[in-house]
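Have a look at the structure below before the remarks.
The values are calculated or read from the model by the stated rules, or taken from the named source; none is laboratory data. Because the structure is predicted, anything quoted here is derived from the model rather than measured. Note that each Cβ is placed from the backbone with ideal geometry, even for glycine, and that neighbours are counted across all protein chains shown. These accessible areas exclude ligands, DNA and RNA; they are computed on the full protein's heavy atoms, side chains included. Shrake-Rupley method; radii C 1.70, N 1.55, O 1.52, S 1.80 Å.
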Amino acid sequence: MAQEEGGSLSEMRARVGASHRITDLVQKLHFYDRWAPDYDQDVAALQYRAPHLAVDCLTEALPGPPQDVLILDVACGTGLVAAELQARGFFQLHGVDGSPGMLEQARARGLYQCLSLCTLGQEPLPSPEGTYDAVLMVGALSDGQVPCSAIPELLRVTKPGGLVCLTTRTNPSNLRYKEALEATLDKLEEAREWERLVAWPVDRWELATTKLEVVPGTSDSDGFISGIVYLYRKREVAQVEGVRPSAQPLTGL
């Protein structure tokens, strides 16, 4: 069993909790390098649902056949998002991450056509403007990871009319970051760079690592923290000022 090989649930909670508390980027990347071989089994034990939820949200809104869609997975980690995408028929996948150890695990999965080492917030994404039909960033929007100031870079590499899907935790320790993130997202919408299609709050995001993080109404032993999925559509270049493109109807969210 993965839990027996990697340690007890309390040890896994301790590792995930430690990752949440590191706010220095260099230290966090070193932590992820060391964590990479055990990452999948640890987050599975904690019932980490963000990759599944984000891909559900994104693919509900993507038009056309999945084989024609080029997707960038930013902060791709070991490839959990790619596994969800391929299960739904999406195979044109590129990934970037700032941790060589995580990229090594992602490369071993064989799900990406292209993988690149890139620390978003410190350097631009290695893609020309308007490359991708969709861009995702799942699980990397928190202190010590990707700064809010890097969000426009996701828009830069997205095609006009393309989609950007983001997630963040909404547990108490991440609320200050979430507030700054939403200010950035709203500012881009006010500038008519994109439009919000979805803001989907989720109570059962992953098992809490401490009692203080538990969603009210659940027990300390099996309580979850909360999170949120955002979906935006980049504004069409030729869009008439004051007119927004109609959103695809989203169901089941």
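Data for the structure
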item: Filter pass, Glu179 being free of Cβ contacts under 8 Å to residues at least 24 places away in the same chain, assigned to a helix (DSSP H, G or I), more than 20 Å from Arg49 (Cβ to Cβ) and more than 15 Å from the chain's Cα centre (by Cα); result: yes
item: When residues of the range 147-161 are limited to those that are out of contact with any Gly (no Cβ under 8 Å at 6 or more places or on another chain) and open to solvent by less than 40 Å² (accessible area, probe 1.4 Å), the one farthest from Glu129 (Cα to Cα); result: Cys148
item: Test result for Arg169, crowded, with 21+ Cβ neighbours inside 10 Å and modelled with pLDDT of 95 or more; result: yes
item: Any hit, the range 57-70, residues being within 26 Å of Ile151 (Cβ to Cβ) and in contact with a Cys (Cβ under 8 Å, 6 or more places away or on another chain); result: yes
item: Ala50 vs. criteria within 17 Å of the chain's Cα centre (by Cα) and modelled with pLDDT under 95; result: no
item: Single residue of Glu84, Glu123 found to be closer than 19 Å to Val229 by Cβ and acidic (Asp, Glu); result: Glu84
item: The range 16-26 - residue that is within 17 Å of Leu120 (Cβ to Cβ) and part of a helix (DSSP H, G or I) and, of those, least open to solvent (accessible area, probe 1.4 Å); result: Leu25
item: Boolean, Thr209 is part of a loop (DSSP other than H, G, I, E, B) and farther than 19 Å from Cys57 by Cα; result: yes
